[in-house]
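Encoded as C-alpha cells, the structure appears first; notes follow it.
The values are calculated or read from the model by the stated rules, or taken from the named source; none is laboratory data. Quick caveat, the model's predicted, so the values are computed rather than measured. FYI the Cβ positions are ideal-geometry reconstructions off the backbone, even for glycines, and counts take in every protein chain you see. Ligands, DNA and RNA are excluded from the accessible area calculation, which covers all protein heavy atoms including side chains. Shrake-Rupley method; radii C 1.70, N 1.55, O 1.52, S 1.80 Å.
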Amino acid sequence: MRHILESEQWLPFSVPMVFAFLANPQNLPPLMPAWQQARIEELRLIAPPAPPAGSPSRLGTGVGTTMILSFRMLPGLPMRMNWHAAISEFEWNDHFVDRQIAGPFAFWRHRHSVKEELRDGVLGTLVKDRVEYKLPLGPVGDLLHTITVKAQMERIFAYRKKRMAELVPKFVEALVRRRDNG
C-alpha cells in the first residue's frame, strides 16, 4: 500500500533564496539526522534551465540529475544503505521532484514545493513536502509501517524542519555576502 507524508514549514526568506537552498544537493545530508551519517557517494548533476532573473544561484538539480546517497537505516546499525535517486521534475522557484531509482522503498516520490506567503507582515516562503512511498514486503511492509516506519518518517521530517530553520539563514547570509563582495 502507498503511504503519504505531508509537511509544511514557513521561512522568513524569499522564494528564490529558499528554493536555491533546497535545489542544492549538498544541503541534503545536513538535513538528515546525525545518526544516519548521510553522505553523497555519487552525484551526476544535470543543469536546470537558466534561472529567472533575481535568482541567487545558478546551481540546481535539473531533470535527469542522479545521486547515490548512503546512510544508516537505524540508529546504531553499522551497515549503510545506498539510495539512488533522480530528479524527474524541476521548475525554478516552484517545485522539484525526486524519485527513488533503487533503495529501501518499493516506491518513493518526493515533491518539494515553495510559494510566497505573507505572515505577520513578513513576506516569506511556505515550503511543502509531499512524499508518496511504499515499503517492500507487501503486508509485512505495511505492518512495519504501522509499527515503526510512519513514526520514524515523522521524526525525520520534524528534524528536517528544525535543521532548515537553522541552516537556511546561514545559507542566505552566505549568498548575500558573496553577492555583495562581487
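Within the stretch 134-172, take every residue that is acidic (D, E) and farther than 18 Å from Q26 by Cα and give me the one that is modelled with the highest pLDDT. Applying the filter and picking the extreme gives E154. Every condition in (1) modelled with pLDDT of 95 or more; (2) assigned to a loop (DSSP other than H, G, I, E, B); (3) among the basic types (K, R) is met by R99 except one, and the failing one is (2). Within the stretch 21-41, the set of residues being within 10 Å of the chain's Cα centre (by Cα) and aliphatic (A, V, I, L, M) comprises L22, A23, L28, L31, M32.
Could you please find all residues in the stretch 10-23 being open to solvent by less than 30 Å² (accessible area, probe 1.4 Å) and under 15 Å from R163 (Cα atoms)? Residues satisfying the conditions are L11, V18, F21, L22.
Taking the conditions exactly as written (part of a strand (DSSP E or B), among the hydrophobic types (A, V, I, L, M, F, W, C) and farther than 29 Å from G141 by Cα), does L59 satisfy them or not? Taking the combined requirement at face value, the residue does not satisfy it. When each of P30, P49 is tested for being at pLDDT 95 or above and either closer than 29 Å to L135 by Cβ or in a loop (DSSP other than H, G, I, E, B) (or both), the lone residue that passes is P30. For the stretch 70-96, a residue qualifies if it is under 26 Å from Q37 (Cα atoms) and either in a loop (DSSP other than H, G, I, E, B) or at pLDDT below 90 (or both), and the qualifying residues are R72, M73, L74, P75, G76, L77, P78, M79, R80.
Mind listing whichever residues of the stretch 70-99 are open to solvent by less than 30 Å² (accessible area, probe 1.4 Å) and charged (D, E, K, R)? Scanning the stretch 70-99 gives a single hit, D98.
I'd like the residue in the stretch 42-64 that is exposed (fewer than 13 other Cβ atoms within 10 Å of the Cβ) and in contact (Cβ under 8 Å) with a residue 40 or more places away in the chain and, out of all such residues, is nearest to R179 (Cα to Cα). Selected residue: P52. Looking across the stretch 120-163, the residues that are buried (at least 17 other Cβ atoms within 10 Å of the Cβ), aliphatic (A, V, I, L, M) and more than 28 Å from D94 (Cα to Cα) come down to L135, V149. Residue check: M67 meets all listed conditions (1) open to solvent by 40 Å² or more (accessible area, probe 1.4 Å); (2) in a strand (DSSP E or B); (3) in contact with a helix residue (DSSP H, G or I) (Cβ under 8 Å, 6 or more places away or on another chain); (4) not polar (S, T, N, Q) but one, namely (1).
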